[in-house]
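Chemist: Just dropping this structure here.
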Amino acid sequence: MSNTTLLVLKLYAGFLLASFLSALMCWTLPEFLPGKRAFALQLCLYHTIATTALWHSPRFIPITLGASPESIGITLERIWCVMHGLLSAAFALWWHITLPYTTALKATNLTSKAL
């Protein structure tokens, strides 16, 4: 590996560690907090970008699953891509499911300020 590749890998590892620690700290927060929602949106976008990059990348993992899966296009890169896609969909689903909480809280705050 070249020095540039090692640097990019270290930066990527730092990004992943920061994202993991942020997710761990946000886990117990209420669903309607803007910081938790913003972090979930960031993770959704990251996993969407990772899915797109992995789908269009050439084979780079030198391990095969065998001739049968390879013949129908199942590779480790595609499995990794699908996992990122599922995570992205899960974050988007969570985002939409928690919208009523945020709307209700906003309505409650507006009502209490009007009184």
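Chemist: Given ILE63, ILE49, which one is more than 21 Å from the chain's Cα centre (by Cα) and under 30 Å from MET1 (Cβ atoms)?
Modeler: Residue meeting the stated conditions: ILE63.
Chemist: Still on this model: Of everything in segment 19-72 that's free of Cβ contacts under 8 Å to residues at least 12 places away in the same chain and aromatic (Phe, Trp, Tyr), which residue is nearest to LEU93 (Cα to Cα)?
Modeler: Across segment 19-72, the extreme among qualifying residues is TRP27.
Chemist: Ok, one more. Criterion first (among the small types (Gly, Ala, Ser), modelled with pLDDT of 85 or more, in contact with a His (Cβ under 7 Å, 6 or more places away or on another chain) and under 30 Å from LEU105 (Cβ atoms)) does SER88 satisfy it?
Modeler: yes
The values are calculated or read from the model by the stated rules, or taken from the named source; none is laboratory data. These figures come from a predicted structure and were not determined experimentally. In this analysis, Cβ positions are derived from the backbone assuming ideal geometry, glycine residues included, and neighbour counts consider all displayed protein chains.
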